[in-house]
1. Out of every Cα pair in the chain, what percent are spaced more than 14 Å from each other?
2. What 222 nm value per residue comes from the helices of the chain, counting each DSSP H run with n ≥ 4 as -39,500 (n - 2.57) and dividing by all residues, nearest 500 deg cm²/dmol?
3. By how many degrees, 0 to 90 and rounded to 10, does the Cα axis of helix 35-62 deviate from the longest principal axis of the chain?
Amino acid sequence: MISLLISILYAIVIFIYVLTSFFIIYHLVKYAASSEIKTIMLLLFIVIAVGLLSVNLLVFFSIDWNSLLYKLNL
């Protein structure tokens, strides 16, 4: 039960991360000084954001929540 709650809360955090990323991308596109800088900034931001999200997802799903919570007596 607790592991389901943790998963739901994590899904909310991921949704907020993705929503914030779209907000940042919009502003990078809308307010960039030049098109060359805009392309470089977008590419760099997207690569780093996807990389961070991928690593975060891999680490989160590698944790055995039931075992961890059992050891913490929850």
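1. 69 percent
2. The per-residue figure over the chain is -30000 deg cm²/dmol.
3. 10 degrees
Throughout, read-outs are computed from the coordinates displayed, never taken from laboratory work. Keep in mind that what you see is a predicted model, and the values were worked out from it rather than measured.
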